[in-house]
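Worksheet: the structure to be examined is printed underneath.
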Amino acid sequence: MAQLCNYFLLAAAYLAPLLQSGSSTSSGYSNSGSPSDKQKVIELLKSLETGDTKPLSYLNATNFIQHNLALGPGVSGFRAFISALNGTGATINTVRIFQEGNFVFAHSVSSVFGAFVSFDVFRFEGGLIVEHWDNSQANTGPNPSGHTMTDGPTQATDLDKTEQNKALIKDFFDTVFIGGNFSQLQHYFNGNIEIQHNPSIADGLDGLAAGLAAFAAAGRAISYTKVHQIHGEGNFVLVMSEGLLGSQPTGYYDLFRIENGKVAEHWDVIQAIPPQSEWKNPNGKW
Ligand SMILES: *[C@@H]1O[C@H](CO)[C@@H](O)[C@H](O)[C@H]1NC(C)=O
Ligand SMILES: *[C@@H]1O[C@H](CO)[C@@H](O)[C@H](O)[C@H]1NC(C)=O
Ligand SMILES: *[C@@H]1O[C@H](CO)[C@@H](O)[C@H](O)[C@H]1NC(C)=O
C-alpha cells in the first residue's frame with residue numbers, strides 16, 4: 001500500500017500544475033418493426049463497411065451537426081466519407097451499444113485505413129440523428145493483464161441505477177481527475193479489483209497508479225481539464241472529456257462498468273485534438 005500511495009503522489013505531482021488552471025432497450029432492436037435508435041446507429045456505422053447510403057436517411061437532412069473534425073459538415077460530409085471508403089475493404093463492428101434518452105453511444109472496432117477502436121455518440125431529435133461526436137484510437141494490445149480494448153461484458157444491467165451510477169462517476173472525475181485529489185481514488189474502487197482495458201495499463205488500482213506514473217515518466221502525463229458529457233445506461237457510464245496528454249490537447253472517452261457502487265471495469269479511447277487549421281468542419285470537438 002505504501003508503494004501504491006507513492007504512485008498516487010507521483011501522479012498527483014505531475015497532474016497538479018495542469019489542474020490548477022432514460023429510457024432504453026438493452027438490445028439494438030425495437031419490437032415494433034421499425035428500427036430502434038440503437039439499430040439506426042448500428043446500421044449507420046455499418047454503412048462505412050457496406051457502402052450502403054440508405055442509413056443516411058436516419059440523419060436530419062437539414063440539421064445534422066458533425067463533430068468528427070476529419071469529416072466535412074452535414075449529411076454530405078458523412079456521404080463523402082462512405083464514398084471514400086467504398087471498395088477499400090473497410091470493416092466496422094459495434095461491440096456494445098447503450099442509450100440514455102436521446103443519446104445513443106456505441107463502442108466499435110474497425111478497420112478503416114488501419115485498425116481502430118472508437119466511441120461514437122449520437123443525439124436524436126424526433127427519431128432522427130441531429131448530432132455526432134466520436135473518438136478513435138489505434139487498436140493495440142492485449143494489455144499487461146491480457147485484456148483487449150473491447151472485450152468484456154456488453155449488456156447493461158441495473159437499469160434502475162443509471163442516475164446513481166452517473167453521479168458516482170461525475171463525483172469521481174470532479175474529485176480525482178479534475179480536482180486532483182488522488183488520496184480519494186480508493187473511495188471509488190472495491191479494493192484493488194478493477195478490470196482494465198487501456199492497452200498499456202494493467203488491472204487494479206496499483207496497475208492504474210503505475211500506468212499513470214509510466215505515462216508521466218514518458219513525458220505523456222494524462223491530465224483532465226474539463227468533463228463535457230456523461231451518459232449512462234444501467235451499470236455502464238461513458239465520460240467524454242478534454243485534457244492534455246503531455247502538452248497535446250486530447251479527447252478522452254472513458255467507459256466504466258459499475259458494480260455495487262464501485263468502479264469494476266474500464267475501457268477508454270484517447271485521441272489527439274487537431275489544431276483548428278486542420279478541421280474539416282467548424283463545429284469543434286465538443
Ligand atoms: C430537422 O431539424 C430541424 C431543426 O431542429 C427541424 O425543424 C426539422 O423538423 C427536422 N426535420 C425532420 C424531418 O424531423
Ligand atoms: C460503391 O461502389 C459501387 C460499385 O462501384 C457503386 O455502385 C456504389 O454506388 C458506390 N457507393 C457509394 C456510396 O459511393
Ligand atoms: C482530499 O480529500 C481529503 C478528504 O476529503 C481532504 O482532507 C483533503 O484536504 C483533500 N485534498 C485536496 C488537495 O483537496
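Before moving on, here are some points about what is shown:
- Segment Arg220-Gln248, extension gain: residue separation times 0.36 nm, minus the distance between their alpha carbons: 9.2 nm
- Distance cut-off 14 Å, percentage of C-alpha pairs in region 176-223 lying past it: 54
- Computed from the C-beta positions of Asn190 and Lys170, the FRET efficiency with R₀ = 25 Å rounds to 0.85.
- Orientation-averaged projection of region 140-282 equals 9.2 nm² [convex hull of Cα atoms, one quarter of hull surface area].
- Point-to-point label distance, Asp151-Ala61, nm (Cα→Cβ direction, 7 Å offset): 4.6
- The residues neighbouring Ile92, those whose beta-carbon lies less than 14 Å from its own, together hold a net charge of -3 under the Lys/Arg +1, Asp/Glu -1 convention.
- For q = 0.13, 0.24 Å⁻¹, Debye-computed log10 I/I(0) when each Cα of region 37-141 counts as one equal scatterer: -0.41, -1.54
- Neighbour counting of Cβ atoms within 10 Å sorts the residues Thr50, Thr250, fewest neighbours leading, into Thr50, Thr250.
- Low-density loop positions, chymotrypsin sites (Phe, Trp or Tyr not before Pro), region 106-142 - DSSP coil, at most 12 other Cβ in 10 Å: Phe113
- Summary value for region 37-141: 26 percent relative contact order, contacts being C-alpha pairs under 8 angstrom separated by 6+ residues.
- Here the chain yields Rg over Rh of 0.96, to two decimals, using C-alpha coordinates and the Kirkwood radius.
- For region 203-243, a Kirkwood hydrodynamic radius built from all Cα pairs, placed in the Stokes-Einstein relation at 25 °C and 0.890 mPa s, yields a translational diffusion coefficient of 205 µm²/s.
- Subset of Lys46/Lys262; Lys161/Lys280; Lys54/Lys285; Lys40/Lys170; Lys54/Lys161 violating a 32 Å alpha-carbon distance limit: Lys46/Lys262; Lys161/Lys280; Lys54/Lys161
Read-outs: derived from the displayed coordinates by stated rules, not from any lab. Bear in mind the structure is a predicted one, so any value in this text is a computation, not a measurement. Positions of Cβ are backbone-derived with ideal geometry, glycine not excepted, and every protein chain shown enters the neighbour counts.
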